There are 2 protein chains.
Amino acid sequence: MTEPLQIGLLVFPKVTQLDLTGPLQVFSSVPGAKVHLIWKRIEPVPTDSVMVLTPTTTFADCPQLDVICVPGGFGTDDMVGDEEMLAFLRKQAEGAKYVTSVCTGSLVLGAAGLLKGFRATTHWSSIDFLSGFGAIPTRTRVCVDRNRFTGGGVTAGIDFALTLVSQLVDRKTAEAIQLRLEYNPAPPFNAGSPETAPAEILAFMKERIAPSQARRADLMGRAAARLS
Amino acid sequence: MTEPLQIGLLVFPKVTQLDLTGPLQVFSSVPGAKVHLIWKRIEPVPTDSVMVLTPTTTFADCPQLDVICVPGGFGTDDMVGDEEMLAFLRKQAEGAKYVTSVCTGSLVLGAAGLLKGFRATTHWSSIDFLSGFGAIPTRTRVCVDRNRFTGGGVTAGIDFALTLVSQLVDRKTAEAIQLRLEYNPAPPFNAGSPETAPAEILAFMKERIAPSQARRADLMGRAAARLS
């Protein structure tokens with residue numbers, strides 16, 4: 001490649017930081033890639049934790065990206081109604097090679113109209129919201145449909161990013177990054193999906209997220225209505 | 001618990017950001033935990049990527065921690081010789097319930113004299129440096145020896161943090177966090193450790209890191225000499 005690959009990750013308030021930092025670690029290891037953290041303004045953006053994220057470029061200054069990636073988190077509830085964000089995504093998607101997301105970032109792609117007729121995935125708790133945007137919900141850890149790559153919840157971002165790098169560059173590069181990151185996972189428990197988690201843990205989590213789920217259902221319904 | 005759990009992660013220049021952000025995501029999900037990002041001064045600290053990390057407290061202002069965690073990265077080469085860092089770790093370790101690390105963060109614990117006689121792990125490429133600090137190198141993804149919890153390379157930080165939370169709080173809490181983070185990993189390739197990676201990938205990586213390994217060997221030898 002003569003020009004650097006331009007890879008951009010969106011930043012926004014209340015992003016789940018690992019949705020972004022997992023893929024960021026993978027993308028930053030791609031030889032010759034230029035990685036951008038993008039927001040409306042260059043100012044520290046609060047995440048879901050004590051960590052703040054400082055963007056490296058803005059919607060206005062960002063070059064045309066080869067890969068655009070939208071992470072998820074509670075902040076996606078606001079982003080699906082943020083016309084400035086949606087317009088930026090639509091404009092970038094026209095020229096991007098890959099239009100991608102991690103976790104509930106796919107709801108933002110959906111709200112921008114970028115998943116109509118595409119299979120897509122998201123966090124297990126939000127999978128039912130995808131169809132409102134004309135996407136075909138697909139419960140898989142990484143979902144690839146033409147140039148749309150979507151990852152499942154939070155930690156799926158690492159599997160997503162390695163999958164994308166294998167297609168964007170080649171398999172050897174993805175494997176070398178996997179080795180460097182010692183990505184040889186060994187979860188101490190088997191509770192990582194609704195299908196494998198103990199019933200009491202799943203029930204506990206569902207109860208805990210019920211209020212935020214009700215709010216999200218309302219916001220996604222309105223975003224879907226604006227789209228159609 | 002009446003008082004919040006105090007959990008601190010060290011920040012330093014050229015830290016591998018995912019070494020820190022993986023555990024941060026887990027720790028931030030612990031009910032009642034107060035999480036700190038700690039450095040000498042409150043100023044943006046460059047990582048191994050375009051991301052900067054902004055500390056939330058300083059060595060001087062940090063309260064006594066229940067958990068102290070040192071992430072790794074190229075920056076550990078400097079940290080093993082940084083007396084201000086080592087003094088902070090020694091002081092905190094006296095009162096901490098758990099003294100921990102991810103990736104080459106264990107070399108910094110070692111240089112502080114905190115792993116003498118303890119089994120410990122680190123990134124696969126640095127495992128041979130641990131014995132210089134009197135630690136017992138142990139090739140496992142998460143190594144637990146009394147109150148020392150050390151994780152392997154980069155992504156092992158997630159397995160490490162879930163293991164720690166299960167002991168620090170309880171298994172139910174760790175499982176609920178695993179479900180929330182949908183930590184049900186499915187690496188697209190099997191190259192995540194020297195034992196499983198294709199021979200050509202391992203050879204490629206070893207050749208690529210040879211110069212930095214030579215530099216590291218020299219620095220670790222000197223840090224070990226200062227300790228004894």
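The values are calculated or read from the model by the stated rules, or taken from the named source; none is laboratory data. None of the values given here were measured: they were computed from a predicted structure. For neighbour counting, all protein chains shown are included, and Cβ atoms are generated from backbone atoms with ideal geometry for every residue, glycine included. The area values use the complete protein model at the heavy-atom level, side chains included, leaving out ligands, DNA and RNA. Shrake-Rupley method; radii C 1.70, N 1.55, O 1.52, S 1.80 Å.
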Counting residues that are farther than 28 Å from A:A87 by Cα and of a type in the set (G, A, S), which helices (runs of 4 or more DSSP H) fully inside segment A:111-228 reach at least 2?
A:171-180, A:199-227
Scan segment B:90-117 residue by residue and report those that are surrounded by fewer than 23 Cβ atoms within 10 Å (Cβ to Cβ) and of a type in the set (A, V, I, L, M, F, W, C).
B:A93, B:A96
Quick one: how many residues across segment B:175-193 are in contact (Cβ under 8 Å) with a residue 60 or more places away in the chain, touching a Leu at 6+ places or on another chain (Cβ under 8 Å) and facing another protein chain (nearest Cβ under 7 Å)?
2
Only residues in segment A:10-34 that are over 18 Å from A:V52 (Cβ atoms) count as the first member; pair them with residues that are at pLDDT below 95 and in a loop (DSSP other than H, G, I, E, B), Cβ under 8 angstrom, at least 6 apart or cross-chain, and list the lot.
A:G32/A:M1; A:G32/A:P4; A:A33/A:P4; A:K34/A:P4
Scanning segment A:88-143 residue by residue, the ones that are more than 22 Å from A:D159 (Cβ to Cβ) and of a type in the set (A, V, I, L, M) total 4
Can you pull out every residue in segment B:44-73 that is open to solvent by 10 Å² or more (accessible area, probe 1.4 Å) and away from chain A (no Cβ under 12 Å)?
B:T58, B:F59, B:A60, B:D61, B:C62, B:P63, B:Q64, B:D66
Can you pull out every residue in segment B:145-174 that is more than 7 Å from every other protein chain (Cβ to nearest Cβ) and either closer than 12 Å to A:A186 by Cα or open to solvent by less than 10 Å² (accessible area, probe 1.4 Å) (or both)?
B:F149, B:T150, B:G151, B:G157, B:F160, B:A161, B:L164, B:V165
Taking the stated definitions as given, is A:I7 closer than 14 Å to A:L168 by Cα, surrounded by 22 or more Cβ atoms within 10 Å (Cβ to Cβ), more than 9 Å from chain B (Cβ to nearest Cβ) and in contact with a Cys (Cβ under 8 Å, 6 or more places away or on another chain)?
yes
